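Step one of this worksheet: look at the structure below.
The values are calculated or read from the model by the stated rules, or taken from the named source; none is laboratory data. In this text, all values refer to a predicted model and were calculated from it rather than measured experimentally. In this analysis, Cβ positions are derived from the backbone assuming ideal geometry, glycine residues included, and neighbour counts consider all displayed protein chains.
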Amino acid sequence: MNIWRRSYDVPPPDCTEDSPYWPGNDPMYKDVPAAKLIKAESLKVTLDRVLPYWLNEIAPTVKSGKKVVVAAHGNSLRALVKYLDGISEKDILELNIPTGVPLVYSLDADLKPIAHPDAIKPLSGRYVGNQDEIKARIAGVKAQTAAKK
């Protein structure tokens, strides 16, 4: 199961349409054509979905001089920081992002991250808050994954 949660390109088995977890059974997706509903998603598929939004919406807003807050599900954030920081497929396996902790990036004119001295590798951005508490929260996320093996 950890391979599905943390790998780059290995999705879990497809969700069947009779599953309560299939998006088509959620009223929130009632207007989305069934063919467009995702049945399984790896981090690679998530990045393929997130990257166009970064390139077409967020990046131009940042380049215009505005500050942007991105609030998203953990896997979407892992995909985005993988792209921003150029994290390898191997190293992304070990990246755990704590829930609800702001991660601030400074970007150069080409939107490449400027490494902060307090960044927790492999990230260039800095988590806001007490760094020891944040490291404990990261360890907590890692423990959740370990418990599900």
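Can you find, within segment 99-108, the residue that is surrounded by the most Cβ atoms within 10 Å (Cβ to Cβ) among those that are assigned to a loop (DSSP other than H, G, I, E, B) and in contact (Cβ under 8 Å) with a residue 12 or more places away in the chain? Don't jump to the end; show me each part of the working.
Just the residues of segment 99-108 that are assigned to a loop (DSSP other than H, G, I, E, B), to begin with: 99-102, 105, 108.
Next, only the ones that are in contact (Cβ under 8 Å) with a residue 12 or more places away in the chain stay: 99, 101-102, 105.
On the way: THR99: 11, VAL101: 13, PRO102: 12, TYR105: 22.
Only one residue tops the list, namely TYR105.
Surrounded by fewer than 17 Cβ atoms within 10 Å (Cβ to Cβ) and polar (S, T, N, Q), is that true of SER88?
Yes; evaluated as a whole, the condition is true for this residue.
Results for (1) of a type in the set (A, V, I, L, M); (2) within 13 Å of the chain's Cα centre (by Cα); (3) at negative phi, shown as yes or no for each residue.
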position: LEU55; (1), (2), (3): yes, no, yes
position: ILE58; (1), (2), (3): yes, no, yes
position: LYS66; (1), (2), (3): no, no, yes
position: ALA72; (1), (2), (3): yes, yes, yes
position: ASN75; (1), (2), (3): no, yes, yes
position: ASP91; (1), (2), (3): no, no, yes
position: ASN96; (1), (2), (3): no, yes, yes
position: LEU103; (1), (2), (3): yes, yes, yes
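Given the conditions (1) under 26 Å from ALA143 (Cβ atoms); (2) not in a helix (DSSP H, G or I), report the number of the one that TRP4 does not fulfil.
For TRP4, the failing item is (2).
It is to be established whether one or more residues within segment 5-13 are hydroxyl-bearing (Ser, Thr, Tyr) and either loosely packed, with under 11 Cβ neighbours inside 10 Å or at pLDDT 95 or above (or both). I'd like the intermediate steps shown before the answer.
Quick first cut of segment 5-13, residues hydroxyl-bearing (Ser, Thr, Tyr) only: 7-8.
After this cut, where a residue has to be either loosely packed, with under 11 Cβ neighbours inside 10 Å or at pLDDT 95 or above (or both) as well, the list is none.
No - not one qualifying residue is present in segment 5-13.
I need a count of the residues in segment 114-136 that are in contact (Cβ under 8 Å) with a residue 24 or more places away in the chain and within 15 Å of ARG78 (Cβ to Cβ). Before the answer, list the steps.
Residues of segment 114-136 that are in contact (Cβ under 8 Å) with a residue 24 or more places away in the chain, as a first pass: 122-125, 127-129, 134.
Filter once more, keeping what is within 15 Å of ARG78 (Cβ to Cβ): 122-125, 127.
Within segment 114-136, residues that are in contact (Cβ under 8 Å) with a residue 24 or more places away in the chain and within 15 Å of ARG78 (Cβ to Cβ) number 5.
Considering only residues that are exposed (fewer than 12 other Cβ atoms within 10 Å of the Cβ) and over 22 Å from the mean Cα position of the chain (by Cα), look in segment 20-30 and name the one that is nearest to SER88 (Cα to Cα).
Narrowing segment 20-30 to residues exposed (fewer than 12 other Cβ atoms within 10 Å of the Cβ): 20-21, 27-28, 30.
Okay, now just the ones that are also over 22 Å from the mean Cα position of the chain (by Cα), so 20, 27, 30.
Numbers: PRO20: 34, PRO27: 37, LYS30: 37 Å.
By that ranking, first place goes to PRO20.
Can you tell me which condition LEU47 does not meet? The list is (1) of a type outside the set (S, T, N, Q); (2) in contact (Cβ under 8 Å) with a residue 40 or more places away in the chain; (3) within 16 Å of TRP4 (Cα to Cα); (4) part of a helix (DSSP H, G or I), and all the others hold.
Of everything listed in (1) of a type outside the set (S, T, N, Q); (2) in contact (Cβ under 8 Å) with a residue 40 or more places away in the chain; (3) within 16 Å of TRP4 (Cα to Cα); (4) part of a helix (DSSP H, G or I), LEU47 misses just condition (2).
With the requirement that a residue be modelled with pLDDT of 95 or more, more than 21 Å from GLY100 (Cβ to Cβ), surrounded by 14 or more Cβ atoms within 10 Å (Cβ to Cβ) and of a type in the set (Val, Ile, Thr), what does segment 31-77 give you?
Selection gives VAL62 alone.
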